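Input: a single structure, listed below in structure tokens.
Each value in this text was obtained by applying a stated rule to the coordinates, not by laboratory testing. This is a predicted model, so every value here is computed, not measured. Note that each Cβ is placed from the backbone with ideal geometry, even for glycine, and that neighbours are counted across all protein chains shown.
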Amino acid sequence: MRVRNKYRKSTAFPCNVGSRCSISIVVWSLVGFLLMLQIYSLISHRNTVSGDIKLHMSRHPLVRELEQVEEENIQIPPPRGKRSPRAAKRRPKRTTTLVDEFLDENSQIRHVFFPDMKTAIDPLKDAGNDSFYYYPGRIWLDTEGNPIQAHGGGMIYDERSSTYYWYGEYKDGPTYHAHKKGAARVDIIGVGCYSSKDLWTWKNEGIVLTAEESNETHDLHKSNVLERPKVIYNENTGKYVMWMHIDDANYTKAAVGIAVSDYPTGPFDYLGSQRPHGYESRDMTVFKDDDGVAYLIYSSEDNSELHIGPLTKDYLDVKPDMRRILVGQHREAPALFKYRGTYYMITSGCTGWAPNEALAHAADSIMGPWETMGNPCIGGNKMFRLATFFAQSTFVIPLPGIPGSYIFMADRWNPADLSDSRYLWLPLIVGGPADRPFEFNFGFPLWPRVSIYWHRKWRLPSSWRVTK
């Protein structure tokens, strides 16, 4: 028996070695295959990126003008007198930064961030060679000569009327604090709507969803919160559907509201609110894919993560399917767009009304996984880039005429006077290698980088402009 046991042990040993070797060979062969596949994907990706760049350069020389980096050299002035309580409370014992100056309504360089009415963009004024120029941060007037009120907004292009419609928060009211520790706010007035044929001249179409004045239990009562309205058109029902963030003054309701209209200019009928998928929802947006399927994307779990899921066929509710993305990254203000089958998203950090660093993200499937690509901002100076040019993302507009080119829409919030918050529209271009390795895919980036270029003054190349 001892001999037989010994024999069994001696014959089993080489068998185990062979099995282990076979498994090792299979594993390493698989790793090698995946590595080669990844290298092939990287080479193909670089060829695509190179093609994108050549496309920009050969067809539209003015793209090079938009991609030129403009630098800013803003000097922080020496202290003069007493700083505002808001600025002193935020940074009481440290060197003053540009963000502190931005938040201080008594700053000596206030005009840099919030130029006065004398420099306003007036589309009806004969500006000669200055026509169609965007000036990020300046007051922007509508065709009636009034400042545009469409904050935290979104855009749709209505093919039936060949018209762009810009929806946003109408904040033309006094800024105040509901209580001592409450955030700056303006009572709900409603959702403003503006129309344009050229993305520069905007006609005020009025307030298309109005506040409720008397019923204090209504979601739209003026004492509550209505933020980030977005509208999409449903071809199946012929309805324009609006989704928005609905909250109370303390931001504890954390819900989405839905409204519908037969016309892009309203009026919109409010249908009610809900917590999508049973979760709290704050900053949000909606995205309509090429196949007509629409998605809701919202900040949840105390803004620590984003949730994303498809809407029902009529766009009036969410389907049960939901994915958590960017978990633990504390991102808000999502703005989505799509280029060559890849989904991109710009998000903001969570710092209240104070500006912070934007990040770009990408995914092959809108339901994820999503990967972070880095800060897309180029130009200005280091603080400009770390503060997203002192603004926060809200929407991305695809430009007609050339793939990979967009307008990045952002809000420069003015917490001292929210009605005087400004708009930053800047060129966003997809192209070129990513600037840092990704979390997945063996560190090899699969997508071109997203770049948002700072300009004090810029305009769309004539071949991109929408015909009036």
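Would you mind getting me the FRET efficiency between Y263 and I76? Use the beta-carbon distance for r and R0 = 51 Å, nearest 0.05.
On the way: r = 49 Å, r/R0 = 0.97.
Given R0 = 51 Å and the Cβ-Cβ separation, E is 0.55.
Of K222/K253; K118/K457; K181/K230; K197/K288; K118/K222; K197/K239, which pairs sit farther than 24 Å apart, going by alpha carbon to alpha carbon? Kindly include the intermediate steps, with their values, before the conclusion.
Working: K222/K253 15 Å; K118/K457 16 Å; K181/K230 29 Å; K197/K288 21 Å; K118/K222 32 Å; K197/K239 21 Å.
Result: K181/K230; K118/K222 exceed 24 Å.
Restricting attention to the range 132-238, which trypsin sites (Lys or Arg not before Pro) occupy a DSSP loop and are surrounded by at most 13 other Cβ atoms within 10 Å? Walk me through the numbers on the way to the answer.
On the way: sites: R138, R160, K171, K180, K181, R185, K197, K203, K222, K230; in loops: R138, R160, K171, K180, K181, K197, K222.
Counting only loop positions with at most 13 other Cβ atoms within 10 Å, the trypsin sites (Lys or Arg not before Pro) in the range 132-238 are R160, K180, K181.
If the chain between E301 and D122 were fully stretched, how many nm would it gain, using 0.36 nm times the residue separation less the Cα-Cα distance?
On the way: separation 179, 0.36 × 179 = 64.44 nm, distance 4.23 nm.
That pair, E301 and D122, stretches by 60.2 nm at full extension.
Between T342 and Q274, 0.36 nm times their residue separation minus their Cα-Cα distance comes to what? Write out the running numbers ahead of the final one.
On the way: separation 68, 0.36 × 68 = 24.48 nm, distance 3.00 nm.
Gain on extension, T342 to Q274, equals 21.5 nm.
Counting other Cβ atoms within 10 Å, which GluC sites (Glu not before Pro) in the range 117-198 have at most 11 and lie in a DSSP loop? Kindly include the intermediate steps, with their values, before the conclusion.
Values: sites: E144, E159, E169; in loops: E144, E159.
Those that pass, being in a loop and sparsely packed, are E144, E159.
Taking the C-alpha atoms of the range 193-297, how large are the radius of gyration and the largest Cα-Cα span, Dmax, in Å?
14.5, 42
GluC sites (Glu not before Pro), restricted to the range 207-270: which are DSSP loop and have at most 15 other Cβ atoms within 10 Å?
On the way: sites: E212, E213, E216, E227, E235; in loops: E213, E216, E235.
Here the sparse-neighbourhood loop sites are E213, E216, E235.
How long is the gain from Y157 to E357 if the chain were fully straight, where each residue apart is worth 0.36 nm and the alpha carbon distance is subtracted?
On the way: separation 200, 0.36 × 200 = 72.00 nm, distance 2.91 nm.
Between Y157 and E357, full extension yields an extra 69.1 nm.
Using a Förster radius of 51 Å, what is the FRET efficiency between E213 and S365 based on their Cβ-Cβ separation? Nearest 0.05, please. Intermediate values should be presented prior to the final figure.
Working: r = 44 Å, r/R0 = 0.87.
For E213 and S365, the calculated efficiency is 0.70.
With the alpha-carbon atoms as the only input, what is the per residue convex hull volume for the range 313-462 in Å³? Don't jump to the answer; show the numbers that get you there.
On the way: hull volume 23.9 nm³, N = 150.
Hull volume normalised by residue count: 159 Å³.
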